[in-house]
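The values are calculated or read from the model by the stated rules, or taken from the named source; none is laboratory data. Bear in mind the structure is a predicted one, so any value in this text is a computation, not a measurement. For neighbour counting, all protein chains shown are included, and Cβ atoms are generated from backbone atoms with ideal geometry for every residue, glycine included.
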Amino acid sequence: MTITDNAFQEKLKKFVGYWRCNPHRFCEEILHVKLKLFQKFILCAMNDNIKTVFISARAIGKTFLTAIFCVIRCILYPGSIIVVASKTRKQSAEVLKKIKDILMPNSPILCGEIEDIIMNQYSSEVMFKNSSKIVVCTANDNSRGLRCHLLLALTELSAKTQAASTAMC
């Protein structure tokens with residue numbers, strides 16, 4: 001018994017709709033990453049809300065969870081352009097490094113979805129076969145021309161950082 005193209009397309013639509021509503025399940029079933037309960041809540045909040053602020057202590061996995069969110073978004077929403085901006089290029093590129101070093105080795109499906117990864121001193125981006133991409137930039141005046149569907153601002157808050165605290169308001 002063979003499945004026709006129309007039947008395959010209908011099944012695919014159902015799965016994509018299911019995973020768009022349940023990004024934590026996509027993470028476990030497709031990316032093969034087991035999330036903790038609080039990470040599932042945060043991932044769903046990032047997916048469901050227009051603005052999400054994720055403030056936490058060090059070493060809790062903010063960059064890793066951000067990388068997972070970027071990958072899920074790019075796969076499930078073809079043509080998505082995500083810009084990851086932070087004070088330094090190195091900090092922004094950490095998201096792409098997590099994708100390349102942690103997520104890709106665990107998921108052959110993710111490897112099949114990614115067309116190319118560029119990580120050098122001039123540009124850093126992940127390009128997907130469905131024309132989605134994740135671009136890294138430094139959050140300064142030189143990055144003003146970038147356009148995106150989703151902007152992820154990675155900031156470090158401290159008592160001395162006046163600009164970061166006013167940006168959160």
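Figures for the structure shown
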item: Answer from Ile81, Ile42 - the residue that is surrounded by 12 or more Cβ atoms within 10 Å (Cβ to Cβ), out of contact with any Cys (no Cβ under 6 Å at 6 or more places or on another chain) and of a type in the set (Val, Ile, Thr); result: Ile42
item: Long-range neighbours under 7 Å by Cβ, at least six apart or interchain, first residue within 18 Å of Val16 (Cα to Cα) within the range 66-83, second part of a strand (DSSP E or B) and β-branched (Val, Ile, Thr); result: Cys70/Ile82; Cys70/Ile134; Arg73/Ile82; Cys74/Ile82; Cys74/Ile134
item: Flag if Ile99 is under 25 Å from Lys51 (Cβ atoms), surrounded by 13 or more Cβ atoms within 10 Å (Cβ to Cβ) and modelled with pLDDT of 85 or more; result: yes
item: Cβ-Cβ under 8 Å pairs, at least 6 apart or on other chains, the range 45-65 side without any contact (Cβ under 8 Å) to a residue 40 or more places away in the chain, far side among the basic types (Lys, Arg) and assigned to a helix (DSSP H, G or I); result: Asn47/Arg20; Asn47/Arg73; Phe54/Lys62; Ser56/Lys62; Phe64/Lys98
item: Residues satisfying the stated conditions in the range 77-108, i.e. of a type in the set (Val, Ile, Thr), in contact with a His (Cβ under 9 Å, 6 or more places away or on another chain) and in a helix (DSSP H, G or I); result: none
item: Subset tally (residues that are more than 10 Å from Ile75 (Cβ to Cβ) and touching a helix residue (DSSP H, G or I) at 6+ places or on another chain (Cβ under 8 Å)) for the range 99-120; result: 7
item: Number of the exception - Phe26 against (1) assigned to a helix (DSSP H, G or I); (2) at pLDDT below 90; (3) not polar (S, T, N, Q); result: (2)
item: Tally, over the range 1-23, of residues that are modelled with pLDDT under 90 and part of a loop (DSSP other than H, G, I, E, B); result: 4
item: Failed condition for Val126, given (1) within 25 Å of Lys14 (Cα to Cα); (2) within 12 Å of the chain's Cα centre (by Cα); (3) outside any helix (DSSP H, G or I); result: (1)
item: Matching entry among Ala85, Ala93 (being closer than 14 Å to Val126 by Cβ and at pLDDT below 90); result: Ala93
